[in-house]
There are 2 protein chains.
Amino acid sequence: MKFAPENAEMVYEQEKIRFDGFKNLGLNLNMSRGRPNPEQLDISNELFNEFSKSKGMSGNSDYRNYGMIDGIPEAKKLFAELSGVSEKEIIVMGNSSLNIMYDTVQRAMQFGVLGEEPFNKQGKIKWLCPVPGYDRHFAVTETFGIEMINIPMRSDGPDMDMIEEYVKDETVKGVWCVPKYSNPQGIVYSDKVVERFAALRPKAKDFRIYWDNAYMIHYLTEDIPLKNIFETAKRYKNEDMIYMFGSTSKMTFAGAGIAWICASEKNIEDIKKYMAFQTIGFDKLNQLAHVLFFKTPDGIRQHMKKHAEMLRPRFRAVLDILDEELTGLCQWTEPQGGYFIGIDLPYNTAKRAVSLAKEAGVVMTGAGATFPYNYDPNDSNVRIAPTYPSIDELKTAMRVFCCCVKLAWAEKIIKA
Amino acid sequence: MKFAPENAEMVYEQEKIRFDGFKNLGLNLNMSRGRPNPEQLDISNELFNEFSKSKGMSGNSDYRNYGMIDGIPEAKKLFAELSGVSEKEIIVMGNSSLNIMYDTVQRAMQFGVLGEEPFNKQGKIKWLCPVPGYDRHFAVTETFGIEMINIPMRSDGPDMDMIEEYVKDETVKGVWCVPKYSNPQGIVYSDKVVERFAALRPKAKDFRIYWDNAYMIHYLTEDIPLKNIFETAKRYKNEDMIYMFGSTSKMTFAGAGIAWICASEKNIEDIKKYMAFQTIGFDKLNQLAHVLFFKTPDGIRQHMKKHAEMLRPRFRAVLDILDEELTGLCQWTEPQGGYFIGIDLPYNTAKRAVSLAKEAGVVMTGAGATFPYNYDPNDSNVRIAPTYPSIDELKTAMRVFCCCVKLAWAEKIIKA
């Protein structure tokens, strides 16, 4: 047992030498965010030509001018089909699904959901947060002063027993979900989990599932289907309970894609009612360019294959190094898609390991970031983002990280 | 005196015959919104090629990816210069300045302004609304339940005596302004008015001037300078009191331009603090395309000359017909720029005239729309939007409108 406590001194000495060596390299590597790499961006460069070819016209429609608050019909058709909803159940918007989610929560705070009292006037309200999860989700609910409750992730999705229990509380108004290739573990919610979500009977009429389908087709080897929550919810007459979000941020250009919200017709009307005061419409030219570029849902699928081919070796490189260096010390999931690998370090060492890595020139996502309030009760989970660096950089960065994980563990044993 | 009351019967008979003739034409003309016409949009088509040429790269910066929440440096430089502020006093965002304004008010409601109590927690608050004004401004404040107070417009801007008096009230938190080529009258605020705005001493620390510089360079014949409110306010140590908004919506593509907010460094930091929870960044590729297209503030000025040339004959056609048909009955201002002509019809006839026009197939902006709560106490003001229709359509539409104005007046006299 390499990582038995009695070996801590030896591990410490070995890794300290490696660590000092890494430090002398003057590295400057960043694995903190889920950014696509330049080669991934390059495969969408044809988009630029679509702008030029279209001249903003589609038949007799001039998308250069004002109007069409819910998106151009072609984009609604394409992304509704991809998302498994009807064209009446989608609004195609601007370049950021985070912005749509934030605005959706803000509208609920200020104006309420479908005629219910605004959250702002309901006193303390609560939100369910599967952990580990996406830091920017948690930041939104924290900003609005919403109390967040940790829900442990299982291998097939969040702990549904807990969720079913918590939604009996009328002050629980929402749950953040990344149902497919979850951030950071890459887990796909099982059919049973989706079914249980779709069948929830929350006490609060204004409870909503915030279904952030960010990685809907972002597989690594082969796509794993996610059960259609809207279709399922309709069987329970529960379709008003779901908001689904999607974007092309990790299909085309991360900073300049398009994003959408899917919801029941009733919810869509409710959203549009307030949106009409906020904007006259989103950038329809970028919507048109995307439609012309992808053409069909199958066009998107073909395109995503190319991303998978570029990302697969990166994930492989990281996982191989984890296998080689940290087996027996840490636990991680082998993701089937998405942008991250979630790893659990030994109890109470994550902050230290990330801080050591930074000292050696490798920036990881902050320890704790995968938990509400930036607080991981075990100080254990770290999110690895392998997509942006080149494979060589990635290998170096992972060696540094693994070294730091071992150092942090050994230090802790020795001090104890 | 053609429009003396004793002539009402005669006018009625003449105009009724014209009106019936117009109705038989089956017209379908729309002068309700300030939309650029297709020829105006065409002069920006080169933008499409800028996308293609840039490939999203500027030097070593890859604008296709995430990040740069406050806009690309080149866009900040260009639009800061155009707006008369420093690069630290601007955030360049997405395609809609209305969206920025709405979000700015929403942030004040939810989080407060620069550390002050959120508006949501301050009970009844009030807003000053120069009238006639922009319907979408009033709709934003109405949506948030803010009480709106009418401030009459003078020939050189809003009635500043009233504004100075009202801001002594701590519940007054803002004022909507379109300081240059105002919507709908086309008035440019005089230096004296700008100076008095810049020197305001509001009771409320979180009072802000919402300076919507939508038509900053949208002249018709030659540009009339607007005094720089930021520079002026700095002399009074009052620069935190102003938010300025701008966009290229009426420079390039109305639905797909870029927009910005200018404010003091302190305000900009305050805004960015919350914006960081809302988005990772706006569409930088469109920002880049705009920078490459315009290059310099002078490039923008040259471009706007072309718009002026296209719009001038349209405004001329409308004004000539007004002169010919309504002199002695109505009052209007001859705008020096902007997108509208504001006209005051005889007391209590605007709704009727607009409704008659609709009957004859000509859609005008709804009567009342230029006032808060859609309520014009005199039922007199109508906004004419001459930019979108062709000159022939415009002439027909104006003949119909003038006929309806006279009919509405004559009907009222006869019934009385």
Filtered residues of the range B:230-246 (kept if outside any helix (DSSP H, G or I) and either within 12 Å of B:Phe197 (Cβ to Cβ) or at pLDDT below 95 (or both)): B:Tyr236, B:Asn238, B:Ile242, B:Met244
Criterion: over 24 Å from A:Lys273 (Cα atoms) and either within 14 Å of another protein chain (Cβ to nearest Cβ) or hydrophobic (A, V, I, L, M, F, W, C) (or both) - qualifying residue of B:Gln122, B:Gln106: B:Gln122
Complete set of residues in the range A:157-192 that are buried (at least 23 other Cβ atoms within 10 Å of the Cβ), of a type in the set (A, V, I, L, M, F, W, C) and not in a loop (DSSP other than H, G, I, E, B): A:Ile163, A:Val175, A:Trp176, A:Cys177
Odd one out for A:Glu117 among (1) surrounded by fewer than 23 Cβ atoms within 10 Å (Cβ to Cβ); (2) at the interface with chain B (Cβ under 8 Å from one of its Cβ atoms); (3) not in a helix (DSSP H, G or I): (2)
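Residues are listed down the side, and each one gets a yes or a no for (1) without any contact (Cβ under 8 Å) to a residue 40 or more places away in the chain; (2) not aromatic (Phe, Trp, Tyr):
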{"site": "B:Arg352", "(1), (2)": "no, yes"}
{"site": "B:Gly368", "(1), (2)": "yes, yes"}
{"site": "B:Lys395", "(1), (2)": "no, yes"}
{"site": "B:Phe401", "(1), (2)": "no, no"}
{"site": "B:Val405", "(1), (2)": "no, yes"}
Residue among A:Ala308, A:Ala276 that alone is small (Gly, Ala, Ser) and within 30 Å of A:Val105 (Cβ to Cβ): A:Ala276
Output for the range B:1-29, where each listed residue is β-branched (Val, Ile, Thr) and either in contact with a Pro (Cβ under 9 Å, 6 or more places away or on another chain) or surrounded by 14 or more Cβ atoms within 10 Å (Cβ to Cβ) (or both): B:Val11
Which numbered condition B:Ala350 fails, given (1) surrounded by fewer than 24 Cβ atoms within 10 Å (Cβ to Cβ); (2) over 19 Å from B:Asn28 (Cα atoms); (3) aliphatic (A, V, I, L, M): (1)
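Might you check whether a residue that is touching a Pro at 6+ places or on another chain (Cβ under 7 Å) and either surrounded by fewer than 18 Cβ atoms within 10 Å (Cβ to Cβ) or closer than 19 Å to B:Ile391 by Cβ (or both) occurs anywhere in the range B:334-342?
yes
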Criterion (of a type outside the set (Val, Ile, Thr) and either in contact with an Asp or Glu (Cβ under 6 Å, 6 or more places away or on another chain) or over 21 Å from B:Thr296 (Cα atoms) (or both)) met by exactly one of B:Asn45, B:Asn49, B:Asn30: B:Asn30
Leading residue by the ranking (nearest to A:Met57 (Cα to Cα)) among those in the range B:25-54 that are facing chain A (nearest Cβ under 9 Å) and among the small types (Gly, Ala, Ser): B:Ser44
Extreme residue, nearest to A:Glu359 (Cα to Cα), among residues of the range A:1-52 that are of a type in the set (Val, Ile, Thr) and touching a residue at least 12 places away in the same chain (Cβ under 8 Å): A:Val11
Filter result for B:Ile271 (modelled with pLDDT of 95 or more, within 17 Å of the chain's Cα centre (by Cα) and β-branched (Val, Ile, Thr)): no
Residue within the range B:121-139 that is of a type in the set (D, E, K, R) and under 23 Å from B:Gly337 (Cβ atoms) present: yes
Given (1) in a loop (DSSP other than H, G, I, E, B); (2) closer than 22 Å to A:Thr104 by Cβ, index of the condition A:Lys227 fails: (2)
Of the criteria (1) more than 25 Å from the chain's Cα centre (by Cα); (2) more than 8 Å from chain A (Cβ to nearest Cβ), which one B:Pro132 fails: (1)
Conditions (1) surrounded by 14 or more Cβ atoms within 10 Å (Cβ to Cβ); (2) over 17 Å from the mean Cα position of the chain (by Cα): number failed by A:Glu359: (1)
Odd one out for A:Asn150, checked against (1) within 14 Å of chain B (Cβ to nearest Cβ); (2) of a type in the set (S, T, N, Q); (3) surrounded by fewer than 24 Cβ atoms within 10 Å (Cβ to Cβ): (1)
Any hit, the range A:284-294, residues being surrounded by 21 or more Cβ atoms within 10 Å (Cβ to Cβ) and not in a helix (DSSP H, G or I): no
Selection within the range B:120-146 - in a loop (DSSP other than H, G, I, E, B) and surrounded by fewer than 18 Cβ atoms within 10 Å (Cβ to Cβ): B:Gln122, B:Gly123, B:Lys124, B:Gly145
Residue within the range B:74-86 that is within 14 Å of another protein chain (Cβ to nearest Cβ) and either out of contact with any Phe, Trp or Tyr (no Cβ under 6 Å at 6 or more places or on another chain) or under 30 Å from B:Thr232 (Cα atoms) (or both) present: yes
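The values are calculated or read from the model by the stated rules, or taken from the named source; none is laboratory data. If you're wondering where the values come from, they're calculated on a predicted model, not measured in any experiment. We place every Cβ from the backbone using ideal geometry, glycine too, and count neighbours over all the protein chains shown.
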